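Notes follow once the structure below has been shown.
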Amino acid sequence: MTDPNRERYRIRETAFYLFTQQSLPACKPVLTPGWVITIFLFMGLIFIPVGLVTLRASHSVVEIVDRYDIECVPESSRIDKISYIQDDSIPKNCSRFMKVRKYMKAPINIYYQLDNYYQNHRRYVKSRSDKQLLHGRKYHDTSSCQPVELNNGQPIVPCGLIAWSLFNDSFTFIRERAELKVNRKNIAWKSDRDHKFGKNVHPFSFQNGTLIGGGKLYPKIPLSDQEDLIVWMRTSALPSFRKLYGRIEEDLDVDDVIVVNLMNNYNTYSFGGKKKLVLSTSSWLGGKNNFLGHACIIVGCSSLVLAIVFTLLHLKYRR
Amino acid sequence: MARVRKSSIHLSKLCSFSCCCRPPSTTDEHARIGQKGYSRVVYCNEPDSQEQIRLNYRGNYVSTTKYTAANFIPKSLFEQFRRVANVYFLVVACVSFSPLAPYSGPSIVVPLIIVIGATMAKEGIEDWHRRIQDVEANNRQVEVYDGNGSFKEIKWKDICVGDLVKVHKDEYFPADLFLLSSGYQDGVCYVETMNLDGETNLKSKHALGVTSVIRDVETVKGFRAVIKCEDPNEHLYSFIGTLYYECQQYSLSPQQILLRGSKLKNTDYIYGVVIFTGHDTKVMQNAMDPPSKRTRIERRMDKIIYVLFITLILVSFIGSLSFGIETKKDNGGDYRRWYLRPDSTTVFFDPRRPLVAAFLHFLTGLMLYGYLIPISLYVSIEICKVLQSIFINQDQAMYDEQTERPAHARTSNLNEELGQVYTILSDKTGTLTCNSMEFVKCSIAGTAYGRGMTEVEVALARKSGEILDEPMAIDAVESGEYVKGFNFRDERIMDGKWMDEPHSDVIQKFFRVLGTCHTAVPEVTESDQIVYEAESADEAAFVIAAREVGFQFFVRDQTSIQLHELDPISGKTVDRVYELLNVLEFSSARRRMSVIIRSPEKQLLLLAKGADSVMFERLSEHGRMFKVQTKEHIERYSEAGLRTMVVAYRELDDDGYKMWEQEYAKAKTSVGADRDDLLDELADRIERDLILLGATAVEDKLQKGVPSCIDKLARARIRIWVLTGDKKGTAINIGYACGLLRPGMKQIVITLELPQIEELEKQGDKDIIAQASLESVEQQIRDGKSQVAKESSTEFGLIIDGKSLFFAVDENRVNCFMDLAMSCATVICCRSSPKQKAVVTRLVKSVTGKTTLAIGDGANDVGMIQEADIGVGISGVEGMQAVMSSDFSIAQFRFLENLLLVHGHWCYRRIAMMICYFFYKNITFGFTLFWFEVYASFSGQPAYNDWYMSCYNVLFTSLPVIALGVFDQDVSASLCLEHPLLYQEGVQNILFRWIRILGWMFNGVLSSIIIFFLTINSITGQAFRNDGHVADYSVLGLTMYTCVVLTVNCQMALSINYFTWIQHLFIWGSITLWFIFLLVYGSIPPPLSTTAYKVFIEACGPSIRFWLTALLVAITTLLPLFTYRAFQTRFRPMEHDKIQTRRS
């Protein structure tokens, strides 16, 4: 009788037996008051410092924002901005002054910011052909690009609404009469340049149709080097967005005044969108954004408050 | 008593005088042969004849599978798409290839295929198991006459109608056979029909005289006959047919039919002709799908799905309305959003037809927000339930070592219902008690024999406060060798000592009656021991008792019974042969049986045993010597929960007997409706003037652990009703013994065994009796109710008998009665018939509106088991009928506590939490999509990459939820049993209340809001990396998705508190899997990975802001639930919280 017993005992020791009997060794955390208070305190103590550090990083960023869409339309045309912007005969150049309030360390990122512009609209997002961007005219199935697919039977490269509506305001920056050098390279993602836009694909019959959308491209430069297009074609997530225009690779000192000569070509007036020019340095956390820091601090503080409330209630209603 | 003796076909048929050729049906039924419904023709022993082949009856191939190889795909697909949710997903999948779809077609089709495929695979595997069983049955071998003078073995499936087969002892019949002859000369054979009706006793079948001579190959060779009979039908106990043999017609009855599914016993072999094959056999005609039962949780889940559908429609409607307005605005002279080219657009975005566009967008919305409906919910629940059932089957705590039977979940879809049982309806015999009868006491010549106390007596003694000197309960292994069915200890009787007792002659007669007055058959086992095949356990106990005392019954043949007896004078064992003249059988109406024998001394004797009520009135004047003492003893025995039987005899004179015998023989051969009445009357005439010998007491032993199990169930506040066929007294005593009735509990008894009713019954006017009974029952119910209302603090036990029950469940009184019953802690219905059991079950189910569980072991419990929400069968001794119709089977009643309190509680909790969590995770995900739409002018652009979305339900959130559904435990099994009150969580449905479900849904919406708004505010706008790049559409999608995966998985970790390595692996593994997926998917070339290409590795991975945001969002979404749980556990703890806190 001993053998089967020993056998059974041995079986009972195995992990598989414990598994079938649902008695595997388990960790069973229980929300005891001690743990609850500890966790609340711990969260408070983690998030408040993190929030402060985040806020500090955000404050270290210097940002100059200049809205120019209204100011750059002559007073006389402000009643009907749309016909102004659509009239090709009127020169669109415009000068803006930006005062540097704080020392800005290079590299300084230049962004243009558009508002109320639905780059995330389904019709817009879908209106492109990734294969055409990579393979050029060799690739024919570009039906997704409707209605900017063909021009007089000729395929348009790059096709689709996104490319067609390319942003075409341009900016030059002058400090004390000298033009600031703006680096327009490396503003697009490396993977985009290398793998999404063909090195041998050149624009073809682009913006040649009856309706001209936005900017034009240099027909001789391959798409992979047209970084403005690549940046533009990374559609934004929300209707208000910034896109990288270039980088100023010189430091800017306090009280420097920068003259921006810009070509106000792009039509945002039809849909009431704003246009802004942004100069911003960046920290290890990116650009200026107090939200994240505030959120961390709020969460941390709420945890502390909850810890206190819980402790008080716990002491008041002793079992 | 009646319940055990339910068989109408008796073994005693083997006695030569007993009528085997009783006309089974009236002749007019036989006249219908050849007409519609009676057209079957069988050419015996000529299966290959032209005529038989032309009839083209089905083969004997049997298939119980749901599908065949050919129809599996279409049929199982059809089954799948009977669910509304699946149809919805199919339509979505079809439409997803049109331009309406917000995402690419394959991304929705693949998850659907996975989900449907998993369910179909499960169906397929289940069906495969059935098929294996079929193949096993179809390939069994049987001997068939080959027409050339010999028998050869062929497979069951190759048998044809008309084949002549030979079946050996202990083999199953391969088809429905017409019995030609058997190993016995008179053509009798015995069959066991356990698989058909659950009865374990043997039944005899009898061949026709003309065919019973066909017993060897020579006679078989020449045998040719034609049978014309009824068409295949499901009636097991009827058969109409005619045999045309040698120019004669013979009527056939069920007596000549051997049914497939039954087994040949005690007979060496039989010859039979195949009549019905395969699916034409009666057992297959009877086979029907068990009624499919759905659980409360599932029914509520359907409602939640509808709620979600309404939400889906609402959200889509809001979306399409806003979209329509936005689109309409584009219809200006100077195209408002010129970059969308509203001048040259498709119908979907046409600003000139905003209504059409809005409507089409509504359809798009239905697809986009379809993530609100969890596609994998059904399949996940099914997988979980199957795994839960495996755990139930594997549980060693429910494994009976004696019978080597584990618990078995026969259906997997009722697991969580086990955790919500409000009422248990239990059978008594075989369920609470073992149904192994033990002879424990007897009263002979006014002296009580038999020492020791039964469990009931111990309980009674405890109740009345007596202090017991020593634990006197009779223990089977107390002394000497244990003999099954015999637990009688008395040194005055045993070992031949009875000869020294004052009334030794009476004792001798008493045991002689026990040894001869029965219908048992002795069988010698291999070890030369004699075992008895009796039709009831009581009867076996009597014969065994006689044997143990020294009256060993060892041979029964057609005309005699032989006993080894101890001769008091010589002190030696002698063989005595009793000539058996008549057997007056037991019936529930007569409640007695007797035999007429001639002793070796040529004395003519009538030996009788029966219920006290009928026996005492049949005693002769001089036979009442010990009546007073015997009656007193019987009373005491039945108080002790014992089953009693009075034993008496009578000496007959030859002349009187001869006259009676002639009449009796005539009556037996008579034909007509009044035949049975006539026989009863004749029996009644001779069973008179009896001389009392004594009484027996047989114990129906309680099963092991029943009282403690009932105590636990009662502490879990489960109501227990006992429905039994027993007498009121026995039922009450068993009630006390197993703790259903407790001291301090007031009894309310509703009965019709009242003097005035009995008085009326003697007068015999049925209408008056009915009227009086009705009034009496009504009065008693009213009295009971007022009594309950008066004393609200005391517990009540209600005892009602079957007759009263018949009146009480009458339409007008049923509510009144159920009110009373519901206010009593225990209800015992005694003397109830199987049908009444089912009726009561249905009543309890409909009146309480809560889950009822019926538990039973015998064929008479099948109705109640099928009627209840959950049917539990005890796989005990009474055959498999109850088990076959049950949802769960267990070997012992006490395992019910594990099944309910442990597995039921766990499964309920698991499924409830799982469903809540499922809705939570899908609402969280679905609503982030909606919030994004608000910022994308409701254009229907999803926030995420197509394949992120399609993997959500199948990859990143599926396994943890299955782990929750299969493995989660709030408290361990032993604590579940220690704190039965925990079970109330399920009964009150605390974990699946609407408030809780809506709470989880609200939590989902809250999580989605936190995820969306925290993410967009932290990530977008400014640069999100130190090199100045900004977050685009793909970065936001990835970040939000990461937050969703983190959130739902961490919420899971927070809402369970049981982590084995499996939970850890699944939860943290799912999160890891998401990042691995990102790496893999992100490195696939852009044409396939589209917006996901290198997003993680190039943009998000190196960004500290990304990780910080993910951490913040995950913690913030957890905060509401954590706070709620922390405060609720501390200040409004639920039962399981209390136990957990106490334990830690």
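The values are calculated or read from the model by the stated rules, or taken from the named source; none is laboratory data. It should be emphasised that the depicted structure is a prediction, and the values quoted were computed from it without experimental measurement. Virtual Cβ from ideal backbone geometry, glycine too; neighbours counted across all protein chains shown. For accessibility, only protein heavy atoms count, side chains too; no ligands or nucleic acids. Shrake-Rupley method; radii C 1.70, N 1.55, O 1.52, S 1.80 Å.
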| Could you give the accessible area per residue of chain A, probe 1.4 Å, as a whole number in Å²? | 49
| remark: Under Stokes-Einstein, the protein assembly as shown at 4 °C and 1.567 mPa s, with its Kirkwood radius over C-alpha pairs, diffuses with a coefficient in µm²/s of 33
| task | Output the residues of region B:1032-1076 meeting this criterion: accessible area (heavy atoms, 1.4 Å probe) in the chain alone minus accessible area with all protein chains in place is 20 Å² or greater. | result | B:D1032, B:Y1033, B:N1057, B:Y1058, B:F1059, B:T1060, B:W1061, B:I1062
| message | For B:I240, what residues show an amide H to amide H distance below 5 Å, using hydrogens built from the backbone and excluding near sequence neighbours? | response | B:E230
| query | To the nearest 10 degrees, how steeply does helix A:33-59 sit against the main Cα axis of chain A, on a 0 to 90 scale? | reply | 20
| request: Using a 10 Å cut-off on Cβ to Cβ distances, tally the other chain neighbours for every residue of A:16-24 and report the average as a whole number. | output: 5
| note | Which residues qualify? For B:L425, with a placed amide H closer than 5 Å and at least 5 residues away or on another chain, they are B:W721, B:L853, B:A854, B:I855
| task | Could you pull out every one of the lysines with an alpha carbon less than 22 Å from that of B:K221, ignoring same-chain neighbours closer than 8 positions? | result | B:K152, B:K155, B:K166
| query | Using a 4.7 Å Cβ cut-off, which Cys residues in chain A lack a partner cysteine? | reply | A:C27, A:C296, A:C301
| request: Before anything else, pin down the relative contact order of region B:260-413: Cα pairs under 8 Å, at least 6 apart, normalised by residue count, whole percent. | output: 18
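Counting only protein heavy atoms and a 1.4 Å probe, tell me what percentage of region A:1-134's accessible area is made up of carbon and sulfur.
Looking at region A:1-134 in its full context, I get 60 percent from C and S.
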| field | On Cα atoms only, tilt of B:1104-1131 relative to the major axis of chain B in degrees | value | 40
| task | For region B:612-621, take each phi angle, set θ = phi - 60°, evaluate the Karplus expression 6.51 cos²θ - 1.76 cosθ + 1.60, and give the result in whole Hz per residue in order, putting x for glycine and proline. | result | 4, 4, 8, 6, 4, 6, 9, 6, 7, 4
| task | Just the number, please: carbon plus sulfur as a percent of the accessible area of region A:165-319, 1.4 Å probe, no ligands or DNA/RNA counted. | result | 56
| said: Can you work out the Karplus-derived ³J(HN,Hα) for every residue in region B:824-834? Use 6.51 cos²θ - 1.76 cosθ + 1.60 with θ = phi - 60°, whole Hz, and x for glycine or proline. | reply: 9, 6, 10, 10, 10, 9, 9, 6, 9, 8, x
| said: List the residues of region B:1086-1100 for which accessible area in the full set of protein chains is at least 20 Å² lower than for the chain on its own; 1.4 Å probe, protein heavy atoms only. | reply: B:P1086, B:P1087, B:T1090, B:Y1093, B:E1098
| task | Only counting protein heavy atoms at a 1.4 Å probe, give the residues of region A:277-319, ordered by number, whose accessible area falls by 50 Å² or more when the other protein chains are present relative to the chain alone. | result | A:W284, A:L285, A:N289, A:F291, A:L292, A:V299, A:F310, A:R319
| message | Need one value: the accessible area of B:F89 in square angstrom, 1.4 angstrom probe, rounded to the nearest 10. | response | 10
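Could you look at chain B and say what percent of its accessible area is carbon and sulfur, using a 1.4 Å probe and all protein chains?
Numbers: 25130 of 44840 Å².
With neighbouring chains kept in place, the figure for chain B is 56 percent.
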| message | From the helices alone, meaning DSSP H stretches of at least four residues, give me the mean residue ellipticity at 222 nm for chain B, per-run term -39500 (n - 2.57), in deg cm²/dmol to the nearest 500. | response | -13500 deg cm²/dmol
| task | Might you tell me the accessible area per residue for chain B, computed with a 1.4 Å probe and given in Å²? | result | 39
| query | With a 1.4 Å probe, how much accessible area is buried between chains A and B, both sides summed, in Å² to the nearest hundred? | reply | 8000
| Cα centroid distance between region B:213-240 and region B:515-587, in Å? | 36
| note | Correct semi-axes for chain B, from √(5λ) of the alpha-carbon gyration tensor and rounded to whole Å with the largest first, are 70, 38, 26
| query | For chain A, modelled as a Gaussian network with Cα springs under 10 Å, which listed residue fluctuates most, A:A237, A:A188, A:A26? | reply | A:A26
| said: Please report the spacing between the Cα centers of region B:994-1064 and region B:732-794 in Å, no decimals. | reply: 65
| note | For chain B, longest principal axis from Cα atoms; helix B:504-516 axis from its Cα atoms; angle between them, nearest 10 degrees, is 50
| How high is the FRET efficiency from B:V555 to B:S39, r the C-beta distance, R0 51 Å, rounded to 0.05? | 0.60
| message | Quick one: 3J(HN,Hα) in Hz for region B:409-420, Karplus 6.51/-1.76/1.60 with θ = phi - 60°, rounded, Gly and Pro as x. | response | 8, 7, 10, 9, 8, 10, 3, 6, 5, 4, x, 10
| note | For the A:T20, B:W1107 Cβ pair and Förster radius 35 Å, calculated FRET efficiency rounded to 0.05 is 0.30
| remark: Residues meeting the amide H criterion for B:I750 (H placed from the backbone, H to H distance under 5 Å, 5 or more places apart or on another chain) are B:I799, B:I800, B:D801
| remark: Per the 1/(1 + (r/R0)^6) rule, R0 = 35 Å and r from the Cβ atoms of A:V30 and B:E639, FRET efficiency to 0.05 is 0.10
